[in-house]
Amino acid sequence: MSTTATTETELETTSLADLLQRVEVLEAEQSKQIKKKNKLTIIAWGGNLDQIWPTTILATTAAASGMESSVFFTFWGLFAIVKPEVRITGENWMQKMMSVMNPGSAQKAKLSRYHFAGAGPAMFKKLAQDHHVATPEELIALANDLGVRLIPCQMTMDLLGLKREDLIDGLEEPIGAATALAEMRDAAVSLFI
């Protein structure tokens, strides 16, 4: 019996030592993990009204709920933060054509579907007004007031020939993709709209 008791004790000791070692490894791995913040980061790549609207609604709702909130405007999404009076931008004919094909500002945005030669956005905006839903341009202003970080993409600005003065006031300095990824890395919620 003493041999059996010794073997059981050794097994229990070995198992306990093994478990403690496993716990130490898990704790070491956990300490290397990125701690997520109470933060929302949105990559706003779409410039259509039905993409700008949810982007601004989610960003302002997050900020009003106490979350850190940031929106990184890139590619067609960048046109949502162009000043309404800015129409043709760029230095060469290709950049100028891109600016003509993409209306500047959230006010001039089209729907991705059901555009109906301009009637679609007007109907959508009328429905929003009837239901007391703020417009994207009002939500962008509210986002600024709530401390949402509105960040333009430097590479897209260069690509499309947009200058800082072409963009609305209240934006952060333009950043690149690496910095945008760093924004997303510690966010509890990251969206691509």
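Check whether at least one residue in the stretch 126-134 is among the polar types (S, T, N, Q) and open to solvent by less than 20 Å² (accessible area, probe 1.4 Å), and report yes or no.
no
What number of residues within the stretch 149-182 are open to solvent by less than 80 Å² (accessible area, probe 1.4 Å), out of contact with any Asp or Glu (no Cβ under 6 Å at 6 or more places or on another chain) and in a loop (DSSP other than H, G, I, E, B)?
So the answer is 7.
Would you pick out the residues in the stretch 87-137 that are out of contact with any strand residue (DSSP E or B) (no Cβ under 8 Å at 6 or more places or on another chain), part of a loop (DSSP other than H, G, I, E, B) and β-branched (Val, Ile, Thr)?
Within the stretch 87-137, 88, 133, 135 meet the criteria.
Are there any pairs with C-beta distances below 8 angstrom linking a residue in the stretch 179-193 that is within 17 Å of residue 59 (Cα to Cα) to a residue that is open to solvent by less than 50 Å² (accessible area, probe 1.4 Å) and of a type in the set (D, E, K, R), with the two at least 6 apart or on different chains, and if so which?
Hits for this filter: 186/39; 187/39; 188/39; 189/39.
Could you please find all residues in the stretch 114-154 being more than 19 Å from residue 62 (Cα to Cα) and at pLDDT 95 or above?
Selection gives 152, 153, 154.
Let's see how each residue does on (1) open to solvent by 50 Å² or more (accessible area, probe 1.4 Å); (2) modelled with pLDDT under 85; (3) over 15 Å from residue 136 (Cα atoms); (4) in a helix (DSSP H, G or I):
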{"residue": "3", "(1), (2), (3), (4)": "yes, yes, yes, yes"}
{"residue": "9", "(1), (2), (3), (4)": "yes, yes, yes, yes"}
{"residue": "12", "(1), (2), (3), (4)": "yes, yes, yes, yes"}
{"residue": "30", "(1), (2), (3), (4)": "yes, yes, yes, yes"}
{"residue": "39", "(1), (2), (3), (4)": "no, no, yes, no"}
{"residue": "46", "(1), (2), (3), (4)": "no, no, no, no"}
{"residue": "52", "(1), (2), (3), (4)": "no, no, no, yes"}
{"residue": "60", "(1), (2), (3), (4)": "no, no, no, yes"}
{"residue": "63", "(1), (2), (3), (4)": "no, no, yes, yes"}
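Please state which of the following conditions residue 129 fails to meet, knowing it meets all the rest: (1) in contact with a Phe, Trp or Tyr (Cβ under 9 Å, 6 or more places away or on another chain); (2) free of Cβ contacts under 8 Å to residues at least 12 places away in the same chain; (3) among the polar types (S, T, N, Q).
(1)
The values are calculated or read from the model by the stated rules, or taken from the named source; none is laboratory data. This is a predicted model, so every value here is computed, not measured. Cβ: placed from backbone, ideal geometry, glycine included. Neighbour counts: every protein chain shown. Note: accessible area is taken over every heavy atom of the protein model, side chains too, but ligands, DNA and RNA are not part of it. Shrake-Rupley method; radii C 1.70, N 1.55, O 1.52, S 1.80 Å.
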